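**Q** Quick one: structure below, then a few questions.
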Amino acid sequence: MESVRAVLIDIDGVLTVSWRPLPGAVEALREVREAGLAVLLVTNTTSRTRASIAGTLADAGFPVSAEDILTAPAATATYLAEHCPGARCALLNSGDIEEDLDGVTLVDAAGTGTAPDVVLVGGAGPEFGWAALDRAFGHLQRGARLVAMHRNLYWRTDEGLRLDSGAFLAGLEQAARVEAEITGKPARAFFEAALARVGAGAGEAVMVGDDVESDVLAAQRAGVTGVLVRTGKFQPEALRAADGTPDHVIDSFADLPALLRGSAQR
């Protein structure tokens with residue numbers, strides 16, 4: 001931790017819940033920035049664009065701009081450009097994220113009959129009904145690739161845990177006998193893209209998240225120090241059942257500056 005130059009931070013459940021700041025989060029982020037550390041917010045959120053997220057966070061007092069945010073949709077656009085350029089994509093997602101899908105050709109939004117090359121799955125919401133899922137299943141049977149922005153099973157709101165697209169994704173994979181290509185967390189490529197954005201090596205970065213598997217252990221597999229917070233979707237049973245152990249567990253993001261200071265002193 002003495003060599004930390006950059007901090008990667010999940011948003012939902014770490015800095016905010018239902019877009020409202022968690023206690024001490026604004027002040028802690030300011031302290032991290034004042035310490036001279038590079039900061040990048042890395043999120044699987046698929047309901048808003050980077051600009052919208054930045055505006056909401058800035059209004060709440062967080063010192064961030066759109067350039068400080070890497071979303072799963074933005075990472076997906078880069079992935080598609082590299083791995084299947086020019087592909088026609090059928091998007092199944094809750095929320096308007098087209099601005100962050102720069103260069104991606106979207107088709108079949110309402111079952112127009114246009115055959116896509118890729119079924120692109122984002123975050124879950126009312127759009128994930130039987131008709132939409134069955135249409136996606138049909139595309140996969142006809143040979144379309146399955147690309148998903150994440151595998152999150154649920155996320156935390158101020159009303160409790162809500163079901164996310166990972167549950168539906170598992171069903172599509174099993175029914176169509178395909179394996180999804182993941183572009184957001186926990187994909188290693190996502191963390192590598194984040195490190196490239198901040199100009200830091202894996203051993204010089206810390207990842208702070210509330211999802212022990214997708215945020216913390218996935219970052220550790222990429223060589224990044226993992227810090228789990230006991231806010232958001234954190235559940236003790238998920239930590240006990242995890243495939244590994246976080247490098248650090250803290251009560252909330254408000255405790256991160258003290259963790260960084262203490263490690264530096266040691």
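**Q** Whether any residue in the stretch 177-187 is over 26 Å from Asn93 (Cβ atoms), at pLDDT 95 or above and open to solvent by 30 Å² or more (accessible area, probe 1.4 Å) is what I want to check.
**A** Narrowing the stretch 177-187 to residues over 26 Å from Asn93 (Cβ atoms): none.
Looking for residues that are over 26 Å from Asn93 (Cβ atoms), at pLDDT 95 or above and open to solvent by 30 Å² or more (accessible area, probe 1.4 Å), one finds none in the stretch 177-187, hence no.
**Q** Checking Gln235 against (1) polar (S, T, N, Q); (2) open to solvent by less than 30 Å² (accessible area, probe 1.4 Å); (3) over 22 Å from Thr71 (Cα atoms), only one condition comes out false. Which one?
**A** (2)
**Q** Given (1) outside any helix (DSSP H, G or I); (2) open to solvent by 30 Å² or more (accessible area, probe 1.4 Å), identify the lone condition not met by Ala196.
**A** Of the numbered conditions (1) outside any helix (DSSP H, G or I); (2) open to solvent by 30 Å² or more (accessible area, probe 1.4 Å), the odd one out for Ala196 is (1).
**Q** Under 8 Å between Cβ atoms, which residue pairs at least 6 apart in sequence (or on different chains) link something in the stretch 151-168 that is farther than 19 Å from Pro73 by Cβ and β-branched (Val, Ile, Thr) with a partner that is assigned to a strand (DSSP E or B) and open to solvent by less than 90 Å² (accessible area, probe 1.4 Å)?
**A** What qualifies is Thr157/Val17.
For every residue, the table says whether it meets (1) of a type in the set (A, V, I, L, M, F, W, C); (2) without any contact (Cβ under 8 Å) to a residue 24 or more places away in the chain; (3) in contact with a Lys or Arg (Cβ under 9 Å, 6 or more places away or on another chain); (4) closer than 16 Å to Val7 by Cβ.
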| position | (1), (2), (3), (4) |
| --- | --- |
| Ala205 | yes, no, yes, yes |
| Gly209 | no, no, yes, yes |
| Leu217 | yes, no, no, no |
| Gly223 | no, yes, no, yes |
| Gly226 | no, yes, no, yes |
| Thr231 | no, no, yes, no |
| Pro236 | no, yes, yes, no |
| Thr245 | no, yes, no, no |
| Ile250 | yes, yes, yes, yes |
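**Q** Out of Thr78, Thr56, report the one residue that is part of a helix (DSSP H, G or I) and touching a residue at least 40 places away in the same chain (Cβ under 8 Å).
**A** Thr78
**Q** Which residue is farthest from Pro73 (Cα to Cα), if the candidates are limited to the stretch 128-150 and must be assigned to a loop (DSSP other than H, G, I, E, B) and touching a helix residue (DSSP H, G or I) at 6+ places or on another chain (Cβ under 8 Å)?
**A** Here the answer is Phe128.
**Q** Could you list, in sequence order, all residues of the stretch 202-224 that are outside any helix (DSSP H, G or I) and either buried (at least 24 other Cβ atoms within 10 Å of the Cβ) or on the phi > 0 side of the Ramachandran plot (or both)?
**A** Across the stretch 202-224, the qualifying residues are Ala205, Val206, Met207, Val208, Gly209, Asp210, Asp211, Gly223, Val224.
**Q** How many of the residues making up the stretch 171-193 are over 18 Å from the mean Cα position of the chain (by Cα) and either part of a strand (DSSP E or B) or hydrophobic (A, V, I, L, M, F, W, C) (or both)?
**A** Quick first cut of the stretch 171-193, residues over 18 Å from the mean Cα position of the chain (by Cα) only: 171-179.
Still in the running and either part of a strand (DSSP E or B) or hydrophobic (A, V, I, L, M, F, W, C) (or both): 172, 175-176, 178.
Counting residues in the stretch 171-193 that are over 18 Å from the mean Cα position of the chain (by Cα) and either part of a strand (DSSP E or B) or hydrophobic (A, V, I, L, M, F, W, C) (or both) gives 4.
**Q** Sticking with this one: Return only the number of the condition from (1) more than 15 Å from the chain's Cα centre (by Cα); (2) open to solvent by 50 Å² or more (accessible area, probe 1.4 Å) that Val227 does not satisfy.
**A** Among (1) more than 15 Å from the chain's Cα centre (by Cα); (2) open to solvent by 50 Å² or more (accessible area, probe 1.4 Å), Val227 violates only (2).
**Q** Separate question: For the stretch 226-237, what are the residues that are within 24 Å of Ala202 (Cβ to Cβ) and out of contact with any Gly (no Cβ under 8 Å at 6 or more places or on another chain)?
**A** none
**Q** Which residues, taken from the stretch 1-48, are within 22 Å of Asp247 (Cα to Cα), assigned to a loop (DSSP other than H, G, I, E, B) and among the aliphatic types (A, V, I, L, M)?
**A** Met1, Val4, Ile11, Val14, Leu15, Ala35, Leu37 - these are the residues of the stretch 1-48 that are within 22 Å of Asp247 (Cα to Cα), assigned to a loop (DSSP other than H, G, I, E, B) and among the aliphatic types (A, V, I, L, M).
**Q** Same structure, new question: Looking for something closer than 18 Å to Thr231 by Cβ and in contact with a Ser or Thr (Cβ under 8 Å, 6 or more places away or on another chain) - is there at least one such residue anywhere in the stretch 63-83?
**A** Within the stretch 63-83, the subset closer than 18 Å to Thr231 by Cβ is none.
Within the stretch 63-83, not a single residue is closer than 18 Å to Thr231 by Cβ and in contact with a Ser or Thr (Cβ under 8 Å, 6 or more places away or on another chain).
Each row is one residue, and each column tells you yes or no for (1) of a type in the set (Ser, Thr, Tyr); (2) open to solvent by less than 20 Å² (accessible area, probe 1.4 Å); (3) more than 23 Å from the chain's Cα centre (by Cα).
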{"position": "Ala115", "(1), (2), (3)": "no, no, yes"}
{"position": "Ala131", "(1), (2), (3)": "no, no, yes"}
{"position": "His139", "(1), (2), (3)": "no, yes, yes"}
{"position": "Met149", "(1), (2), (3)": "no, yes, no"}
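The values are calculated or read from the model by the stated rules, or taken from the named source; none is laboratory data. Computed from a predicted model, the values in this text were never measured in an experiment. Don't worry about glycine lacking a Cβ; one is built from the backbone with ideal geometry, like all the others, and counts go over all protein chains shown. Only protein heavy atoms, including side chains, enter the accessible area calculation; ligands, DNA and RNA are left aside. Shrake-Rupley method; radii C 1.70, N 1.55, O 1.52, S 1.80 Å.
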